[in-house]
Amino acid sequence: MADASSERDTPAKPRLLSDPKFRALVFQILASITVAAFIFFIVRNTLHNMELRGISTGFGFLDRASGFGILQSLIEYNETSTYGRTFLVGLLNTILVSALGVFFATIIGFIMGVLRLSSNWLISKLAAVYIEIFRNIPLLLQIFFWYYAIGFNLPGPRQALSVGESLFLSNRGLYLPAPVFEDGFMATGLAIIGSIVAVIFLARWARKRFEATGQLFHTVYASLAILIGVPALVFFATGSPMHLDYPSLQGFNFQGGVAVIPELFALTLALSIYTAAFIAETVRSGIQAVSHGQTEAASALGLRPSWTLRLVVIPQAMRVIIPPLTSQYLNLTKNSSLAAAIGYPDLVAVFAGTTLNQTGQAVEIIAITMSVYLLLSLIISIFMNWYNAKMALRER
Amino acid sequence: MSHDFAPLPDLPPPAASVGAIGWLRRNLFSNAINSLLTLFAIYLLATLLPPLINWLFVKADWIGDSRDACTSGGACWVFVSARFSTFMYGFFPESETWRINLIYIALIACMVPLFIEGFRHKVKLGLFVIFIFPIFGFILLFGGVFGLEQTETSQWGGLTLTLLLASVGCVAALPLGIILALGRQATNMPAVKSMCVLFIEFWRGVPLITVLFMSSVMLPLFLPEGVSFDKLLRALIGITLFQSAYIAEVVRGGLQAIPKGQYEAADALGLSYWKKMGLIILPQALKIVIPGIVNTFIALFKDTTLVIIVGLLDVLGMVQNALNDPNWLGYSTEGYVFTAFVFWIFCFTMSRYSQSLERKLHTGHKR
């Protein structure tokens, strides 16, 4: 009897095997051992296979001369440059096309998203048609279409399509006028930086005054006046030390100006149009997520429609839009790797393609390439998270 | 003195606010800006549509078997019809294409009941389509048994390969994705959780094209000496790993959407972890993530075109291949428009289906 009562007082110790903490520990150890064994197995096989095939290891190849030229490079590059430099050229080209794509996709996407919600039936339907068509066709197909079907069939340089004799589009690419800076442009540059700083301070001051006294200041107009006026004054005062270098037809191709190679043109076009269709949907759902009561409350308070949009709808819509917008930017950056398919010299094409074929060091090259994309993804998401935190609802 | 109150008959609404005119005024010409936009849109349509329709249909050539038939100046659909069988079946032996057709017909026959309202055995049939049907499909496609002629995987191509890559990739990624999602949710097991997070974030952070490069050049190095994988299988492994990370994130969304009370109730009943997940949580979670899985399937379906980079010829690869044929040079637009049409039909139908499913399924879990 005494045994039974003491058993009741101190609860029976559960068996070790049914203790959830112990089970979790055992399971974790087992899982870690399995993964470690798997990784060990792969590494051993890889080392063995590489030895067998006579593939050298290590990153020494980055210092060797590449021996191939690259179609477009933002930095000095020729056949004698190293593979390390090849990597850098590819990386810069990837960043260039991604940045251009993000810029244009954002503009087209926001316009299309707003048009999709237009009260005008025709406009809204046209935007819907745009979204549904370009969202549902593979990006690679769109790149091929713009590059092979449209780009190759553009007229030659002699019959190039031109806008005002300064912008030429032909099967050799897009030629734009290039700004040429002369001595003394420094002053204008400083003026631009100075006016930007001034505008930031002005905006802060106007905001403080508004919060303290309720008096409004025409920040937008004043900022525009400062941003355009001051640099323009300095520019003309120093004797217009800049001119535009227009491309002109000489022989079989254009000389001068900025040349956008057809590969870059097709890739940017396809990336922007494709991603913009997704961004448009994001924008539409973000704006629709702002409840109608908010707009009505703003009207009831007597806000003008333009103010309602700027002060009530957009700030709330942005909170919904930013997270999916971030993933669209990430997708665009990753999708820029499709450049390899049309020969635009991006990271995948020149590094994971040509360099890998020449050196055969698959493991190092693929590892570098993948880490670059992981890093780019990380940077974009950190930036957008910071922006998101800035825009997030501040609850009191 | 009593007045009989007899209301006058209602006046008809102003002519400008009802009927076609009213609709036009409300939707197209409600104010000056809208009117301008409408006029601009009409101008745009009037300049773009007629030449497009002319090229696509009116002046197009439909009948013939060589480029000589294309004389009208419009689209040359003869190119597509002459190459149609390679676009659909790749280089599959012509006498054996009935096997592919049989797979399509059987698949459609299995899928139809899934869309019928009130069909009782949807779950069983769905599991059959996902897990048993691929075996049947593989036997038919590969052959070598039951007197079927054996085919090489290099003969598989065209739309068949596209559908094969996308569906096998998605089906194989499903169990892996569910396990990864469960692992990521396992807060009491930090080691397992961090391994799952690492795996998911790694595959989600790299482009599919580098995954395909990796599976084609690095995978052979990973294997023990003497073991080698077929090119198609290597691509499939890469696609599966890639897709499993995306499915894991979708499933995680579903797991998080299930109210906490469901987890607690299962614990209170004394169910073990796997019983809790298998009987209570996953059946509910998987139901609400079906639209999400369909969406990742659509994305994968579009992304399979990338296998062209590692030398597999899916439907786009077959079109590219046909465009290099000296007999058909210069018909790239027709080829791309046709391929775009094929992809568009598939993706648009699936996305509409997923949207309707979302409306139907996402009930009761919104909080």
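The values are calculated or read from the model by the stated rules, or taken from the named source; none is laboratory data. All figures in this text were calculated on a predicted structure; none of them were measured in a lab. Here the Cβ is made from the backbone with ideal geometry for all residues, glycine too, and neighbour counts use every protein chain on show.
Couple of notes before you dig in:
- The residues in region A:377-392 that are touching a residue at least 60 places away in the same chain (Cβ under 8 Å) and either in a helix (DSSP H, G or I) or within 9 Å of another protein chain (Cβ to nearest Cβ) (or both) can be counted, and the count is 4.
- Among the residues examined, A:Phe134 qualifies as over 24 Å from A:Leu375 (Cα atoms) and part of a helix (DSSP H, G or I).
- All conditions but one from (1) under 24 Å from the mean Cα position of the chain (by Cα); (2) surrounded by fewer than 22 Cβ atoms within 10 Å (Cβ to Cβ); (3) at the interface with chain B (Cβ under 9 Å from one of its Cβ atoms); (4) not hydroxyl-bearing (Ser, Thr, Tyr) apply to A:Trp121; the one that does not is (1).
Every residue, every condition in (1) on the phi < 0 side of the Ramachandran plot; (2) surrounded by fewer than 13 Cβ atoms within 10 Å (Cβ to Cβ), yes or no:
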| position | (1), (2) |
| --- | --- |
| A:Val35 | yes, no |
| A:Phe38 | yes, yes |
| A:Asn45 | yes, no |
| A:Gly54 | no, yes |
| A:Ser66 | yes, no |
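- Any hit, region B:288-304, residues being facing chain A (nearest Cβ under 10 Å), under 30 Å from B:Gly74 (Cβ atoms) and β-branched (Val, Ile, Thr): no
- Hey, A:Ile273 without any contact (Cβ under 8 Å) to a residue 60 or more places away in the chain and in a helix (DSSP H, G or I) or not: no
- Test: residue in region A:72-82 that is under 16 Å from A:Ile368 (Cβ atoms), of a type in the set (Gly, Ala, Ser) and modelled with pLDDT under 85: no
- Per this entry, B:Ile345 is counted among residues that are surrounded by fewer than 18 Cβ atoms within 10 Å (Cβ to Cβ), out of contact with any Cys (no Cβ under 9 Å at 6 or more places or on another chain) and within 9 Å of chain A (Cβ to nearest Cβ).
- Selection count where residues are of a type in the set (Phe, Trp, Tyr) and crowded, with 19+ Cβ neighbours inside 10 Å, scope region B:258-305: 2
- Under the condition of being touching a residue at least 40 places away in the same chain (Cβ under 8 Å) and part of a helix (DSSP H, G or I), the residues counted in region A:116-131 number 4.
- Of the residues making up region B:111-126, those that are under 19 Å from the mean Cα position of the chain (by Cα) and under 18 Å from B:Cys170 (Cα atoms) are B:Met111, B:Gly126.
- Residue in region A:153-170 that is in contact (Cβ under 8 Å) with a residue 60 or more places away in the chain, surrounded by fewer than 14 Cβ atoms within 10 Å (Cβ to Cβ), more than 10 Å from chain B (Cβ to nearest Cβ) and part of a helix (DSSP H, G or I) present: yes
- Residue list for region A:339-348, filter: more than 10 Å from every other protein chain (Cβ to nearest Cβ) and either of a type in the set (A, V, I, L, M) or more than 17 Å from A:Leu88 (Cβ to Cβ) (or both): A:Ile342, A:Gly343
- For region B:126-165, a residue qualifies if it is surrounded by 14 or more Cβ atoms within 10 Å (Cβ to Cβ) and over 19 Å from B:Phe92 (Cα atoms), and the qualifying residues are B:Gly126, B:Val129, B:Ile130, B:Phe133.
- Matching residues, region B:180-195, being aliphatic (A, V, I, L, M) and either touching a Gly at 6+ places or on another chain (Cβ under 9 Å) or more than 10 Å from every other protein chain (Cβ to nearest Cβ) (or both): B:Leu180, B:Ala181, B:Leu182, B:Met189, B:Val192, B:Met195
- Only listed residue being within 14 Å of another protein chain (Cβ to nearest Cβ), in contact with a Phe, Trp or Tyr (Cβ under 9 Å, 6 or more places away or on another chain) and under 25 Å from A:Leu330 (Cα atoms), chosen from B:Leu223, B:Leu198, B:Leu219, B:Leu165: B:Leu165
- Count of region A:68-83 residues which are more than 22 Å from A:Pro262 (Cα to Cα), loosely packed, with under 15 Cβ neighbours inside 10 Å and out of contact with any strand residue (DSSP E or B) (no Cβ under 7 Å at 6 or more places or on another chain): 1
- Region A:210-231, residues that are outside any loop (DSSP other than H, G, I, E, B) and surrounded by fewer than 14 Cβ atoms within 10 Å (Cβ to Cβ): A:Phe210, A:Glu211, A:Ala212, A:Thr213, A:Val220, A:Tyr221, A:Leu224, A:Ala225, A:Ile228, A:Gly229
- Output for region B:143-171, where each listed residue is more than 16 Å from B:Phe133 (Cα to Cα) and within 27 Å of the chain's Cα centre (by Cα): B:Thr151, B:Glu152, B:Thr153, B:Ser154, B:Gln155, B:Trp156, B:Gly157, B:Gly158, B:Leu159, B:Leu161, B:Thr162
- Scanning region A:357-373 for residues that are facing another protein chain (nearest Cβ under 7 Å) and either small (Gly, Ala, Ser) or within 20 Å of A:Val43 (Cβ to Cβ) (or both) turns up A:Ala362, A:Val363, A:Ile366, A:Thr369, A:Met370.
- Of all residues in region A:129-149, those satisfying the criterion of being more than 8 Å from chain B (Cβ to nearest Cβ), crowded, with 18+ Cβ neighbours inside 10 Å and either aliphatic (A, V, I, L, M) or more than 27 Å from the chain's Cα centre (by Cα) (or both) are A:Ile131, A:Ile143.
- Any hit, region B:230-246, residues being out of contact with any helix residue (DSSP H, G or I) (no Cβ under 7 Å at 6 or more places or on another chain), surrounded by fewer than 18 Cβ atoms within 10 Å (Cβ to Cβ), of a type outside the set (Phe, Trp, Tyr) and not in a helix (DSSP H, G or I): no
- Considered as a group, the residues in region B:19-51 that are assigned to a loop (DSSP other than H, G, I, E, B) and in contact with a helix residue (DSSP H, G or I) (Cβ under 7 Å, 6 or more places away or on another chain) include one that is farthest from the other protein chains (Cβ to nearest Cβ), and that residue is B:Phe29.
- Scanning region A:103-118 for residues that are of a type in the set (S, T, N, Q) and more than 12 Å from chain B (Cβ to nearest Cβ) yields a single hit, A:Thr106.
- Selected residue (criterion: nearest to B:Thr304 (Cα to Cα)) from residues of region B:207-216 that are of a type in the set (Val, Ile, Thr) and facing chain A (nearest Cβ under 7 Å): B:Ile209
- Residue in region B:153-160 that is at pLDDT below 80 and within 17 Å of B:Ile293 (Cβ to Cβ) present: no
- Residue within region A:175-183 that is away from chain B (no Cβ under 13 Å) and assigned to a helix (DSSP H, G or I) present: no
- Out of A:Leu100, A:Leu126, sole residue that is out of contact with any strand residue (DSSP E or B) (no Cβ under 7 Å at 6 or more places or on another chain), away from chain B (no Cβ under 14 Å) and modelled with pLDDT of 90 or more: A:Leu100
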